[in-house]
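Heads up, the thing below is written out as structure tokens.
The values are calculated or read from the model by the stated rules, or taken from the named source; none is laboratory data. Everything quoted here is computed from the prediction, not taken from an experiment. So basically every Cβ, Gly included, is an ideal-geometry build from the backbone, and we count neighbours across all protein chains shown.
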Amino acid sequence: MDSITLMALSEQYVANTYARYPVLLVRGKGTRVWDLEGEEYLDFVSGLAVCNLGHCHPKVVKAVQDQAEKLIHVSNFYYIEPQIQLASLLCKHSFADKVFFCNSGAEANEGAMKLARKYAKEKMGKDRHEIITMERSFHGRTLATLTATGQEKFHKGYEPLMPGFKYVPFNDIGAVKNAIDSKTCAVMLEPIQGEGGVNCPSEGYLKALREICDKKGLLLIFDEVQVGMGRTGKLFAYEHDEVEPDMLTLAKSLAGGVPIGALLIKRGIADSFKPGDHASTFGGNPLATAAGVAALTTILEEGMLENCQKMGDYFISQLEEIKKKFPFVKEVRGKGLILGMELKIDGSSIVKEMLKKKILINCTMGNVLRFLPPLIVTKEEIDRVIKTLEEVFQELK
Ligand SMILES: *Cc1c(COP(=O)(O)O)cnc(C)c1O
């Protein structure tokens, strides 16, 4: 079947929850993907920060193949070898002492919020259940995580929302202080907001949050679903500010493209989860965790963090150059290889023009171009994107 026929079938049979570009991708390798007709695209979306190692990294492919032949699934009634390996690795390379595995970012955040409530009720008093989150945040699409998400457009039509959330502006310490009361149990945020427009924490903000949480006995939860696993040039974004959370959630790129989610937890808090308190059928299954072990070791062993820092610095400097030339560019921001370019004009038409020129980029919040190339991206590939973006901008001038 050709792609036109298949796209029509998609419209007929697949739920209408995505505004898709008219492209059907069938193959990927590194920074490139190909459509059904064999056309090649340079991918600066990476499945929205999922394919940090590039598409079909040979070590991830091999791990999936080997594991699929051995054992795809068993219940968490039993011990699972790659799950143990991945949990140990994550703890070795982070602040955490224990890991709960699940299948998505939303599910990881659900776990964090459930554990925060349970811990707080046990350790701080039975009224403690409220979680403070940020405006422009994004935490997922389940009822609880979309309630945690501080953007009204995601709430509309799904009321009544979950009780127990309060929103404050990002980068406003005073607002957090004012929002804390006798019901507060945790503060949850993305150390860099992804969907909300690539918003970075101001100097000292995360440290100040840590201090407030320590002073008031509250939990600090970082959602690193998008920025974790090397995206910012460090394995975890919190490392840049030297501020450790009490819990941290991961998903997107944790298993090199295979669906997975994880909740990383400090010991004293993890102890509030007892057998039977929380579970997930597929959480930590052999296939996903084997891919996760391969992905994590490959990121560390193949110098991807160093490349991300170097290419990120280069990319942002080139975006700054473009900003100087076009007055409708408002701001360039981000860290490592999660970069945003805020425009004074709508960004969606630019994404479409880039697609015509065989480059995949994304736009969020209507006017923030978001660049999320694989961490293996080269200078030449960045140059091509910069040059093409300039051409597209030139046509607008
Ligand atoms: C994508 C994302 C989520 C949701 O992850 P899903 O796997 O789609 O449930 C949560 N938090 C952040 C920061 C994200 O970027």
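Within segment 31-53, restricting attention to residues that are charged (D, E, K, R) and out of contact with any strand residue (DSSP E or B) (no Cβ under 9 Å at 6 or more places or on another chain), which residue is nearest to the ligand (Cβ to nearest atom)?
The residue in question is GLU39.
Take the residues in segment 230-283 that are within 13 Å of the chain's Cα centre (by Cα) and polar (S, T, N, Q), then tell me which one is nearest to HIS139 (Cα to Cα).
THR249
Buried (at least 18 other Cβ atoms within 10 Å of the Cβ), of a type in the set (Lys, Arg) and in contact with a strand residue (DSSP E or B) (Cβ under 8 Å, 6 or more places away or on another chain): is that true of ARG370 in this structure? Outline the logic, then answer.
Details: buried (at least 18 other Cβ atoms within 10 Å of the Cβ): yes; of a type in the set (Lys, Arg): yes; in contact with a strand residue (DSSP E or B) (Cβ under 8 Å, 6 or more places away or on another chain): yes.
So ARG370 passes the test.
Restricting attention to segment 140-193, which residues are part of a loop (DSSP other than H, G, I, E, B), closer than 27 Å to ARG333 by Cα and either among the β-branched types (Val, Ile, Thr) or at pLDDT below 95 (or both)?
Within segment 140-193, THR149, ILE192 meet the criteria.
In segment 223-243, which residue that is outside any loop (DSSP other than H, G, I, E, B) and crowded, with 19+ Cβ neighbours inside 10 Å is nearest to the ligand (Cβ to nearest atom)?
ASP223
Inside segment 13-64, can you point out the residues that are hydrophobic (A, V, I, L, M, F, W, C) and in a strand (DSSP E or B)?
Selection gives LEU25, VAL26, VAL33, TRP34, LEU42.
Tell me whether segment 244-255 contains one or more residues that are away from the ligand (no atom under 13 Å from the Cβ) and more than 30 Å from GLY174 (Cα to Cα).
Looking through segment 244-255, none of the residues is away from the ligand (no atom under 13 Å from the Cβ) and more than 30 Å from GLY174 (Cα to Cα).
Filter segment 95-110 down to the residues that are away from the ligand (no atom under 12 Å from the Cβ) and in contact with a strand residue (DSSP E or B) (Cβ under 6 Å, 6 or more places away or on another chain) and list them by number. Write out each step before concluding.
Residues of segment 95-110 away from the ligand (no atom under 12 Å from the Cβ): 95-101.
If the condition is that a residue be away from the ligand (no atom under 12 Å from the Cβ) and in contact with a strand residue (DSSP E or B) (Cβ under 6 Å, 6 or more places away or on another chain), then ALA96, LYS98, VAL99, PHE100, PHE101 are the ones that fit.
Look at segment 328-361 and say how many of its residues are free of Cβ contacts under 8 Å to residues at least 40 places away in the same chain, buried (at least 21 other Cβ atoms within 10 Å of the Cβ) and under 20 Å from GLY28 (Cα atoms).
1
Mind checking whether some residue in segment 79-87 is assigned to a loop (DSSP other than H, G, I, E, B), surrounded by fewer than 24 Cβ atoms within 10 Å (Cβ to Cβ) and free of Cβ contacts under 8 Å to residues at least 60 places away in the same chain?
yes
Given the structure, is ARG128 closer than 30 Å to ILE84 by Cβ and away from the ligand (no atom under 16 Å from the Cβ)?
No, not satisfied.
LEU220 - would you say it is in contact with a Cys (Cβ under 7 Å, 6 or more places away or on another chain), closer than 20 Å to PHE101 by Cα and either assigned to a helix (DSSP H, G or I) or within 16 Å of the ligand (Cβ to nearest atom) (or both)?
yes
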